[in-house]
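Below is one structure; the comments refer to it alone.
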Amino acid sequence: MFSSTGPYSVVARSMLNGALLALEELNGDPEFPVELVPAVINPGGELARYPACAASLLAGRSIRHVVGCYTSSSRKEVIPLFEKHDALLWYPSHYEGFESSDNVVYTGAAPNQHIVPLLDHLLTQCGRTAWCIGSNYIWAWENNRILRQAVVGQGGSVAAERYFAVGETDFSRVIEQILETRPSFVFNTLIGESAYQFLRDFRTMARERGIDQPREIPVASCSLSEPELEAIGGDAVDGHLSSSVYFSSIASAANRAFVQAYRRRFPDGPAMSADAEASYVAMGLLARALAHAGTDDIAQVKSAVTRLRLQAPQGEVWMDEDTFHAYLTPRIGRSNRNARFDIIMEAPQPVRPDPYLVWNSSRYDETVRPARNLKAVS
C-alpha cells in the first residue's frame, strides 16, 4: 500500500519497488517454502483514501499482512483498521517515534537512529542556532519538538518554526527570513515536492546574496534520499546533510548486489532509497517469518520474526522483541553532485531501537564515529 502517485510519489514508488524486488527474489528461490502473491493498492497520497484502501485489503480480500505507508499521518489513519481486523502493518519508513502498536512491525528508523545522531553532528559541527521548516503534520511536529529540547538543553536556540501544507511550493518569504536571520543550520522536515522546491529556491536566493549556502547555512534532514536528490536536480543537489540507516553508497558486497539487482529490475527508477531498503527488509522479514511460523496468524508471525536475523543491504537487521522496532545502523551523509551521498559518519554496529527515547540522551558519541574509506556509488 504505497502512494505511487501524488506529492510524495517519488519515494513511495521506490518503496514499492523495494518490496516487489524482495518478493520476486524469494519467489524465484526454489528452496523457499512460501509463495507470495502481491496485491498492490495506491492511495494517491490523499490521506482520506488510506482507510478505504486498507479496508479493501483487510476486509475485502482478507489479507492479514500489509507492507505499506510512507507518512506518519497515513499510518495513524490505518492502524485502527489493522487492530479491528487483527492484521499486521509492516511499516517501512523512518518516523518520529513515540508509538508502539501491537499491530505494527516497524522496519524503518526510530528517532534514536536518525534524529539523535544528526543533532549531535549539527550541534558540534555547525552551531547552535536552528531554523525549522516542515510539512504540517506529526512527522515535522515531533521531530522539531525533539530538536528543540536538544538544542535548548545544550545552550542553543531555535530561531523559528514554520509549517506548510503538504505539496506547498511557495517559500520565498520564509527563505528571506532565514537569510536575514543566518541560523547555524536549517532543519528540514518538508516532504515530497515541497522539500524539493524549497531546496532549489533556498540555493538560488542564497547565491543571489553571495551566500555559500551549503557551507554557511547547511540544510539537514532525516528523510532526504537519493531519488529525491534526482528530483531536485540542477545546481541545488549537493551539500545537504541527511541522517539515515541506509545510503546506496554503502561499500559492502550485500549492498552492491542490492543496488545492481534494483537497477536491473527498475531501470527507469526511481533510485533506491532508505525507505526502499526498509521495504525490501520488511518484505524479507515478513516472508521468512511466515515460513518459520507455518501460518499467517499474526501472533505466531510476530514470535517468529524476533528469532530472525537478516543480512540486509545496510548490514545485519533484527527485531527488538519488546518494541517490534528494528536494530539498524545509523549513518549521516552529505549529498554530492552525482545525486548520491558521501557517508561522513556511521555507527560501528546496529543500534537498539528506542522509540520513546527512554535510554538515549541527545548525545550519541559512544555509537557514532567518523566514516573512513567510504565513497559514493557512481
query: Roughly speaking, what is the centre-to-centre gap between region 99-127 and region 41-95 when only Cα atoms are used, to the nearest Å?
result: 23
message: Output the 0 to 90 degree angle, nearest 10, between the alpha-carbon long axis of helix 253-265 and the longest principal axis computed from the alpha carbons of the chain.
response: 80
message: Please arrange Ile344, Ile332, Ile232 by how many other C-beta atoms lie within 10 Å of their C-beta, fewest to most.
response: Ile344, Ile232, Ile332
- prompt: Which far-off residues, 5 or more places away or on another chain, put their amide H under 5 Å from the one on Thr169, with H placed in the peptide plane?
  reply: none
statement: Surrounding charge for His292, neighbours by C-beta under 13 angstrom, Lys/Arg +1, Asp/Glu -1, total +2
query: Between rounded, prolate and oblate, where does region 127-226 land on the alpha carbon gyration tensor, with a ≥ b ≥ c its root eigenvalues, rounded for a/c under 1.5, else prolate if a/b exceeds b/c?
result: oblate
task: Would you order Val186, Val358 from fewest to most other beta-carbon atoms within 10 Å of each residue's own beta-carbon?
output: Val358, Val186
statement: Listed residues Asn17, Asn143, Asn27; largest mean-square fluctuation, Gaussian network over the chain with Cα springs below 10 Å, found at Asn27
field: Listed peptides 69-76, 28-35, 333-340, 148-155 by packing density, highest first (mean Cβ within 10 Å)
entry: 69-76, 333-340, 148-155, 28-35
- request: Answer rounded, prolate or oblate for region 20-118, using the Cα gyration tensor with square roots of eigenvalues a ≥ b ≥ c: rounded when a/c is under 1.5, else prolate when a/b is larger than b/c, else oblate.
  value: oblate
task: For each of Leu20, Leu118, Leu36, count neighbouring Cβ atoms within 10 Å of the residue's Cβ, then give the residues from fewest to most.
output: Leu36, Leu20, Leu118
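Where a number appears in this text, it was derived from the coordinates with a stated rule and is not lab data. Please read all numbers here as calculations on a predicted model, not as lab measurements. Virtual Cβ from ideal backbone geometry, glycine too; neighbours counted across all protein chains shown.
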